[in-house]
Amino acid sequence: MNDSKVLAASSAKNESKAWLYVILAGLLEIVWASGFKYEEVPSLVVLLAILLSFDLIIRATKVIPVGTVYAVFAGIGTIGTVIVEMVFENGSVSPLRVALILLLLVCIIGLKLTNKESEL
């Protein structure tokens, strides 16, 4: 395998790993954001989730643009905490609320897909 193919494969692996970090950080944001509201989530869990989620997004920004990382991270956290609140508090599940969550999800996917285009 020549050097350019090895470099491209390594770069793709690093980007995949960075996206995994963003997703995990977003899931941890759901934990710590929900932990602020629900006493059932221990303070230590909230603290560890905050620290780990920010460590992961810092690592991801070394490979993916910071604006994209933060937008996806915040979007995952927002969608997740809204869903947690709807489930645990029997929150209203109006069609408008569902549509807005889906719109946010489409925007997150769009950011990921356009990330490659910005590098060309």
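Every number here is computed from the coordinates shown, using simple stated rules; none is lab data. Keep in mind that this is a model prediction, so the values were computed, not measured. Neighbour counts are summed over all protein chains in view; Cβ atoms, including those assigned to glycine, are modelled from backbone coordinates with ideal geometry.
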Note, residue 41: beta-carbon cut-off 14 Å, +1 each Lys/Arg, -1 each Asp/Glu, net -3
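For segment 19-72, how big is the tail of P(r) above 12 Å, as a whole percent of Cα pairs?
For segment 19-72, the fraction of Cα-Cα distances above 12 Å is 59 percent.
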Determine the sum of side-chain charges near residue 23: Lys and Arg each +1, Asp and Glu each -1, restricted to other residues whose C-beta is under 12 angstrom from that of residue 23.
+1
Hey, in the GNM for the chain with a 10 angstrom Cα cutoff, which one of 23, 109, 50 fluctuates hardest?
109
Helix 43-60 versus the longest principal axis of the chain: what is the Cα-based angle in degrees, 0 to 90, to the nearest 10?
30 degrees
In the chain, lysine pairs with alpha-carbon atoms under 19 angstrom apart (chain gap of 8 or more, or interchain):
11
For the chain, take the longest principal axis of its alpha carbons; what is the angle in degrees between that and the long axis of helix 66-88, to the nearest 10 within 0 to 90?
30 degrees
Given the rule -39500 (n - 2.57) for each run of at least 4 DSSP H residues, summed and divided by the residues of the chain, what is its mean residue ellipticity at 222 nm, to the nearest 500 deg cm²/dmol?
-30000 deg cm²/dmol
Could you tell me whether segment 3-119 comes out rounded, prolate or oblate from its Cα gyration tensor? Rule is a ≥ b ≥ c as square roots of the eigenvalues, rounded for a/c under 1.5, then prolate if a/b exceeds b/c, otherwise oblate.
oblate
Using the basic label-point model (7 angstrom from Cα toward the beta carbon), what is the residue 90 to residue 36 distance in nanometres?
2.6 nm
